[in-house]
Number of protein chains: 2
Amino acid sequence: VSVALTPPSVILVRPQLGQNVGMAARAMANFGLTDLRIVAPREGWPNEWAIKAASGADWVLEEARLFDTVTEAVADMHYLVATTARQREMLKPVVTAEAAATEMRAKTAQGLRCGILFGPERSGLENDDVTLAQAVLRIPVDARFTSINLAQAVLLVGYEWFKSADATPPEVLDPGHTWPANNAELVGLFEHLERELDTAGFLFPPEKRPAMVRNLRNIFIRANMMEQEVRALRGVVTSLATARRKKEAG
Amino acid sequence: VSVALTPPSVILVRPQLGQNVGMAARAMANFGLTDLRIVAPREGWPNEWAIKAASGADWVLEEARLFDTVTEAVADMHYLVATTARQREMLKPVVTAEAAATEMRAKTAQGLRCGILFGPERSGLENDDVTLAQAVLRIPVDARFTSINLAQAVLLVGYEWFKSADATPPEVLDPGHTWPANNAELVGLFEHLERELDTAGFLFPPEKRPAMVRNLRNIFIRANMMEQEVRALRGVVTSLATARRKKEAG
């Protein structure tokens, strides 16, 4: 049996501001979430503030579905996560956004439908809504300021969802058409520079020369240069040396 | 020497909308960032839209500093990260938000000042601003919709900063005043239930009894119950069985 893998649905329960719905839609689009469900939005639906705030993520809003109750909105869900900032007196696993993403990734890969419930801006989800969920998602925040904007909560959950299957390496060099310099190229630059500095009388007195050379080499080694940058610096050395010779000759 | 460890500064370069500055301040407060620097904001400063959007993170806005140029705003920085959505033709490491957080955490622990540059909403940072930074931060997003709102970019960077030193376990049970049931308590429930089901004639015929018992036990094992939940279910079994007996007797 071939199963279509559907990313998790975002279910906004009684959102107060259309603007937040629009910004949530934009955040969803950033991270590949497309199924938006809206339960009894206070400002009605469709909403022009939502469209403005979506900044081009129109298709998410156009395909959004409206429901009267949470029960109807989550009827087809197999794994439901309820976001909440408050501690609830419920015997239910409390997970981070990252752990929720990992779990939803695993469920989705089995063909199961996952959804994340977000409550109204001011009050959050009601306990009866939270009870329908398999887990409670609480985003770790600074205890001195715990109030997260609705759309920003959607963003963080979407971000972790996307990240859980993203292969971007932690660090890369912007792809240039060049390659890191090898040691021979570096030593070529070093010896070129040191030759010119000997000529100029900079590496003096002789007993201090070895330490001075090492210090200079360490600067350039730390810069992790590319081939073309080594060539550019050799040009710089030549240019400065030639200018000095001309001045001395002139 | 005792060094005060200062969390990274957020530097908003020529932001267009006060509302985004305010939402950025709120996102900063969520994740323990407090030093906001603003370079030549289009709508001027202070800004009432910013205050409204900060939703109570007023101290971040009140302590924000205004600068005319990026060079002045970052003068005291030792490690600077430039956020950008576009590929730049620059030989500079490109890092994820998570990698940037790890690096800034390490630098900060050494007493070095770190900062994150964010460009104007529409155009992003100029190449000359990016050049001042040690690394480029590019948040991995869905290629079909790459435009991230300014405040949401600040939120994601702040989130990774906070997360890099956060010890919240991926999953916990909400702290109840109870404890997971041990095996003896579970078997006590199972045998209670099976005794009543034998009396009621449900576990029939006898050759099917072992499989039926195993199936029922598996349901309750998967529920990972707490002590008090096991006691509650024993109450449920007793209640149902008593009601049946009364009905039969009546």
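A few notes on this one:
- From A:Val60, A:Val39, residue being aliphatic (A, V, I, L, M), in contact with a Ser or Thr (Cβ under 7 Å, 6 or more places away or on another chain), facing chain B (nearest Cβ under 10 Å) and surrounded by 17 or more Cβ atoms within 10 Å (Cβ to Cβ): A:Val60
- Of residues in the range B:157-167 being more than 8 Å from chain A (Cβ to nearest Cβ) and buried (at least 20 other Cβ atoms within 10 Å of the Cβ), the one farthest from A:Gly158 (Cα to Cα): B:Trp161
- The set of residues in the range A:1-29 being touching a Phe, Trp or Tyr at 6+ places or on another chain (Cβ under 6 Å) and polar (S, T, N, Q) consists of A:Gln19 alone.
- Test: B:Asn127 is within 30 Å of B:Thr84 (Cβ to Cβ) and open to solvent by 80 Å² or more (accessible area, probe 1.4 Å): yes
- Output for the range B:22-34, where each listed residue is without any contact (Cβ under 8 Å) to a residue 60 or more places away in the chain and of a type outside the set (Gly, Ala, Ser): B:Thr34
- Taken together, the residues in the range A:1-36 that are under 17 Å from A:Arg65 (Cβ atoms) and open to solvent by 10 Å² or more (accessible area, probe 1.4 Å) amount to 5.
- Output for the range A:177-190, where each listed residue is under 10 Å from A:Arg217 (Cβ atoms) and open to solvent by 40 Å² or more (accessible area, probe 1.4 Å): A:Val187
For every residue, the table says whether it meets (1) within 14 Å of another protein chain (Cβ to nearest Cβ); (2) at negative phi; (3) in contact with a Ser or Thr (Cβ under 9 Å, 6 or more places away or on another chain); (4) not in a helix (DSSP H, G or I).
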| residue | (1), (2), (3), (4) |
| --- | --- |
| A:Pro169 | yes, yes, yes, yes |
| A:Val172 | yes, yes, no, yes |
| A:Glu185 | no, yes, no, no |
| A:Glu191 | no, yes, no, no |
| A:Leu197 | no, yes, no, no |
| A:Leu203 | no, yes, no, yes |
| A:Pro210 | no, yes, no, no |
| A:Leu216 | no, yes, no, no |
| A:Asn224 | yes, no, no, yes |
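- When the range B:1-20 is filtered for residues that are among the aliphatic types (A, V, I, L, M) and within 21 Å of the chain's Cα centre (by Cα), only B:Val10 remains.
- Residue match in the range B:173-193 (condition: of a type in the set (S, T, N, Q), modelled with pLDDT under 95, under 30 Å from A:Pro170 (Cα atoms) and within 36 Å of the chain's Cα centre (by Cα)): no
- Residue check, B:Glu207 open to solvent by 80 Å² or more (accessible area, probe 1.4 Å), in contact with a strand residue (DSSP E or B) (Cβ under 6 Å, 6 or more places away or on another chain) and acidic (Asp, Glu): no
- Any hit, the range B:80-94, residues being crowded, with 17+ Cβ neighbours inside 10 Å, in a helix (DSSP H, G or I) and in contact with a Ser or Thr (Cβ under 8 Å, 6 or more places away or on another chain): no
- Summed over the range B:157-167, residues that are assigned to a loop (DSSP other than H, G, I, E, B) and of a type outside the set (Gly, Ala, Ser) total 1.
- Residue count for the range B:97-124, restricted to those that are open to solvent by less than 20 Å² (accessible area, probe 1.4 Å), in a loop (DSSP other than H, G, I, E, B) and within 14 Å of chain A (Cβ to nearest Cβ): 0.
- Positions within the range B:146-156 being open to solvent by less than 20 Å² (accessible area, probe 1.4 Å) and either part of a loop (DSSP other than H, G, I, E, B) or within 7 Å of chain A (Cβ to nearest Cβ) (or both), in sequence order: B:Asn149, B:Gln152, B:Leu155, B:Leu156
- Within the range A:174-183, the set of residues being in contact with a helix residue (DSSP H, G or I) (Cβ under 9 Å, 6 or more places away or on another chain) and within 14 Å of another protein chain (Cβ to nearest Cβ) comprises A:Gly176, A:His177, A:Thr178, A:Trp179, A:Pro180, A:Ala181.
- Every residue from the range A:226-242 that is within 14 Å of chain B (Cβ to nearest Cβ), assigned to a helix (DSSP H, G or I) and aliphatic (A, V, I, L, M): A:Val230, A:Ala232, A:Leu233
The values are calculated or read from the model by the stated rules, or taken from the named source; none is laboratory data. This is a predicted model, so every value here is computed, not measured. Glycine also receives a Cβ, built like all others from the backbone with ideal geometry; neighbour counts cover every protein chain displayed. SASA here: full protein model, heavy atoms, side chains in, ligands and nucleic acids out. Shrake-Rupley method; radii C 1.70, N 1.55, O 1.52, S 1.80 Å.
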